[in-house]
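Coordinate-derived values only; no laboratory data. Computed from a prediction, not measured in an experiment: that's the story for all the values here. Don't worry about glycine lacking a Cβ; one is built from the backbone with ideal geometry, like all the others, and counts go over all protein chains shown.
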């Protein structure tokens, strides 16, 4: 869905777009050129960029953490994203905590463990609830909020002994649980370290209503956040982003590209839950419709180090909301291959609801076979609406949800409810 959102934004600006590997919904638009290269084929991606002369932006974290940015730099090709050292802020939760502690950035109290027995012993003197994180990449699912010793011990066993996420859980971070609303914010960072900052958005990470159930890759988002005033945004820039960027630069880890902060607003002020080395998902899907400054201009200025010529980012009035529709059994192994009802041949709503906002569909795990749309992943479609107000945007997104269906489909009913 994030890739689809970026593609649509660039197409609206009149840009030519090559996408790879993409999905059925993206390629339903004839303006998009299919790259036919897999995300883990770094050599193939470098060759595609060399052959086309295209500026490359990477959406998912996997290739960035694996060092695809270094491959592009070695080939002398324009690239939006960090080198491997910069991507480690997402690739290692433990490393991120240590960097932020050195930077003096507010973060939850934490302990790092490489031995399951040591982690279990620590639980005996810990106060619950706690947050337990697998150190490596887990597609947003390697985090558990545990309410007692039994749940915590189970999480440690799953991550470190059973290794449900492979070696990504060989090291874990145990953090205090913070109370307060969650927010997200991006920084566009150029090769000189200069940054421009977005409006605040709000993700909904758990699979169930009222923020219950296991963590996911994101079940919906809204932007901007009604309660988040400009003073809070400036505080986040000064106390979180700027010291993080400065400390990373001293350590030789340039966060070129898009640096994402997941935040909790506590009684003591904003605090970092996580940093990502790429555009957030599903926050990108609601931030980009409101961005007035051309995205293509921003992306072109990142590798050349002249983002300062863009000036402060400009924003449209109004609000945006996206509600993610997921496959049966998500976030565990999702059921795929179910027929999706309610879409036309372009993958958009066959029947557009009567609503003053702009409603569209963003595709994630979809494929089209002989004109029939089917599920092909966990987070399948996002119903999105941009409207004049927050309530209208939420209403429009849910109107879009109700036009689409498939067996086993599930979504949250409370996206945007915690933003006031």
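Worth a mention:
- Counting only Cα atoms, the size of the chain along its three principal axes is 58, 47, 43 Å, in decreasing order.
- Debye-sum result for the stretch 1-116 in log10 I(q)/I(0), which assumes one identical scatterer on each alpha carbon, at q = 0.15, 0.18, 0.20, 0.24 Å⁻¹: -0.75, -0.93, -1.06, -1.35
- Pair residue 246, residue 268: separation of 7 Å Cα→Cβ label points (nm): 2.0 nm
- Given their separation in residues at 0.36 nm each and the Cα-Cα distance between them, residue 370 and residue 388 gain 2.7 nm when the chain is fully extended.
- Shape of the stretch 271-401, Cα gyration tensor, a/c cut at 1.5: prolate
- Approximating the spin labels as points 7 Å out from Cα along Cα→Cβ, the residue 125-to-residue 101 distance works out to 1.5 nm.
- A full extension of the chain between residue 167 and residue 192 corresponds to an added length of 5.6 nm, given 0.36 nm per residue minus the alpha carbon distance.
- Surface/4 of the Cα convex hull for the stretch 150-220, nm²: 7.4 nm²
- For the chain, the mean residue ellipticity at 222 nm estimated from helices alone is -7500 deg cm²/dmol, where every DSSP H run of n ≥ 4 contributes -39500 (n - 2.57) and the total is divided by all residues, rounded to the nearest 500.
- Listed residues 372, 380, 258, most fluctuating in the chain (Gaussian network, C-alpha, under 10 Å): 372
- Gyration tensor verdict on the stretch 179-309 (Cα atoms; rounded if a/c is under 1.5, prolate if a/b is larger than b/c, oblate otherwise): prolate
- Counting only Cα atoms, the stretch 40-192 measures 58, 33, 24 Å along its principal axes, largest extent leading.
- Gain on full extension, evaluated as 0.36 nm per residue between residue 329 and residue 231 minus their Cα-Cα distance, stands at 31.2 nm.
- Each pair of Cα atoms in the stretch 54-116 enters the Kirkwood radius, and Stokes-Einstein at 4 °C and 1.567 mPa s then converts it into a translational diffusion coefficient of 98 µm²/s.
- Rh by Kirkwood over Cα pairs, then Stokes-Einstein D for the stretch 115-170 at 1.567 mPa s and 4 °C, µm²/s: 116 µm²/s
- Tail beyond 18 Å, pair distance distribution of the stretch 26-89 (Cα, percent): 34 percent
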